[in-house]
Amino acid sequence: NAYDSYTDEASIAEWAKEGADLMRTTGIITGDDYGNFMPDSLATRAQIAVTIMKLRAVINGEKLEIPQRKERSKAEILLEGMTLKDKVYQMFMVSPEQITGVQAATMAGVTTKDAVTKYPVGAILYDSKNILESEQITQMVTTTAGYMTTAPFTVISEEPGDNSPLFSKLGLTKYNNAYTYKNDGTEKITEIYSNISTELKNHGFNTNLAPVADIWSNTRNTYISTRAFANDYQTAGAMTAAAVKASKENGILTAVKYFPGYGDCAENPNDGVCYSYKTLDELKNDDFNTYKNGIDAGADFVVCANVNMPEVDPYYPASLSTIFVNDLLKGYLGFDGIIISGAQNMKAITSEYSAADAAVMAVDAGCDMIMLPANVDQAVNAIIQAVNDKSISESRINESVLKILNKKIEAGLIQG
């Protein structure tokens with residue numbers, strides 16, 4: 001069954017229509033899977049060779065198989081209507097302050113509307129400075145989202161204990177740090193994350209950058225420390241899975257962080273470059289197991305660490321490393337969800353890389369979203385320039401944006 005017509009058939013010049021129709025109906029040229037004849041595209045040598053071989057087959061009386069046209073998904077239709085700049089902006093997670101220019105944003109008005117029009121980013125990340133009281137933060141989050149043409153991930157990093165901006169500022173249930181519950185079983189973690197997720201949803205959030213899946217293996221570590229569930233992967237893995245499941249069951253998208261782990265570092269990435277000297281075998285036998293548990297439990301995102309592990313990649317931090325992001329997280333662990341870079345305004349990144357270089361390197365490594373770039377304009381423009389220079393293909397951008405759009409549709413943020 002030949003395609004009845006091609007979606008871009010009107011673009012074919014009149015003098016070429018008869019020949020194009022003949023090639024279409026015989027299967028010599030079938031366009032793409034979605035019914036694009038692509039008359040304005042330049043053919044590669046391989047495509048020309050295939051066309052010649054098909055032409056030869058038809059001349060010799062063979063009947064060619066003509067594929068059925070596939071229906072475009074909602075995400076593919078949305079992607080097709082986006083400019084390159086629109087697509088690149090979908091790959092950014094920023095704070096309200098980064099796009100409004102205010103010191104501490106606590107409301108959404110004209111300034112916010114103008115900001116999200118100029119910067120149509122894929123995600124807004126809120127923190128304690130944005131929270132004054134319950135009604136205020138709910139209105140701010142929902143109003144900001146309502147201003148945006150493509151619904152954003154409304155994000156917060158809400159863990160039990162000290163790293164709990166919403167619960168702390170609003171005086172909600174007081175929990176201890178995760179490590180406190182290491183002997184209490186997964187039921188306690190399920191209870192905690194169910195409550196956290198319910199409150200996040202009630203206040204307009206749809207995404208939580210939690211739980212921490214790192215293993216606390218270095219007693220000198222202060223960045224992760226008791227934010228970790230445990231210092232062994234069996235306990236940490238089970239609790240990571242419980243936290244992910246509880247979050248998802250209560251309507252919150254969830255991220256496990258920070259792959260491959262800060263728990264063995266003595267340094268703090270907010271202060272400068274930090275190192276772990278674990279080998280790949282050690283990671284595979286230990287730390288990776290907690291991430292695998294979180295991924296298998298249905299984690300929507302994985303946040304990468306701005307950690308240098310020279311035994312595995314002697315050149316780049318994990319969040320900018322093809323080895324860690326593409327080969328290990330995507331390949332070895334099989335994660336096909338959305339990969340978020342570590343926060344790029346951390347000194348672990350800014351002390352070594354420009355905002356432009358860090359953003360391009362993260363995308364090149366396989367990250368789908370850039371969190372908190374040191375400079376939004378420079379980061380966005382650098383990725384666009386990389387596509388124009390063909391150092392990054394537009395299909396690579398499309399791959400990430402399709403993941404983002406599909407997740408938003410799946411979560412009901414965009415109506416399918």
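The values are calculated or read from the model by the stated rules, or taken from the named source; none is laboratory data. Bear in mind that the values here come from a model prediction, so they are computed numbers and not experimental data. Counting neighbours? That spans all protein chains shown, and the Cβs are built from the backbone with ideal geometry, glycine included. Keep in mind that these areas ignore ligands, DNA and RNA; they rest on the heavy atoms of the full protein, side chains included. Shrake-Rupley method; radii C 1.70, N 1.55, O 1.52, S 1.80 Å.
Averaged over its residues, segment 73-183 has an accessible area of 44 Å² per residue, based on protein heavy atoms and a 1.4 Å probe. Listed by chain and number, the aspartates and glutamates whose C-alpha is less than 15 Å from the C-alpha of LYS390, apart from same-chain residues fewer than 8 away, are ASP364.
Given an 8 Å cut-off on Cα distances and at least 6 residues of separation, report the relative contact order of the chain as a percent. Each step should come with its number before you reach the end.
On the way: 788 pairs, mean separation 52.7, N = 416.
Taking the mean separation of contacting Cα pairs over the length of the chain, I get 13 percent.
Distance between the C-alpha centres of segment 34-53 and segment 127-193: 51 Å, rounded to the whole angstrom.
Using R0 = 22 Å, the C-beta based FRET efficiency linking TYR315 and GLN385 works out to 0.45.
Projecting the Cα positions of THR198, LEU283, TYR258 onto the charge dipole of segment 175-308 (unit charges on Cβ atoms of Lys, Arg, Asp and Glu, taken about the Cα centre) puts THR198 furthest along the positive direction. Length gained on full extension, ILE52 to TYR277, computed as 0.36 nm times the residue gap minus the Cα-Cα distance: 75.5 nm. At a 1.4 Å probe, what is the % contribution of carbon and sulfur to the accessible area of segment 1-116? After summing per-atom areas, the C and S share lands at 54 percent.
I'd like to check one number: the per residue accessible area of segment 256-396, probe 1.4 Å, reported in Å² as a whole number. Working shown, then result.
Values: 5040 Å² over 141 residues.
I get 36 Å² per residue for this part.
Treating only the Cβ of Lys, Arg, Asp and Glu as charged (+1, +1, -1, -1), what charge dipole size does the chain show about its Cα centre? Round to the nearest 20 debye.
On the way: 35 positive and 52 negative charges, 67 e Å.
My answer is approximately 320 debye.
Positive-end ranking of ALA386, THR100, GLY342 along the dipole of the chain, with charges on Cβ about the Cα centre, is headed by THR100. Only one item in (i) 28.6; (ii) 27.9; (iii) 23.1 matches Kirkwood radius over Cα pairs in Å derived from the coordinates shown, and that item is (iii).
With charges only on Cβ, +1 for K and R and -1 for D and E, what is the dipole size of segment 98-220 about its Cα centre, in debye, rounded to 20? Don't skip to the end; give the middle numbers.
Details: 9 positive and 12 negative charges, 53 e Å.
Here the size comes out at about 260 debye.
Cα-Cα over 20 Å: which of LYS347/LYS408; LYS174/LYS407; LYS74/LYS330; LYS330/LYS407; LYS201/LYS407? Listed pairs above 20 Å: LYS347/LYS408; LYS174/LYS407; LYS74/LYS330.
For ASP327 and LYS129, compute 0.36 nm times the residue count separating them, minus their Cα-Cα distance, and round to one decimal in nm.
Numbers: separation 198, 0.36 × 198 = 71.28 nm, distance 3.72 nm.
Full extension from ASP327 to LYS129 adds 67.6 nm.
In loop segments of segment 1-94 as defined by DSSP, the GluC sites (Glu not before Pro) with at most 12 further C-beta atoms inside 10 Å of their C-beta are GLU62, GLU65, GLU71.
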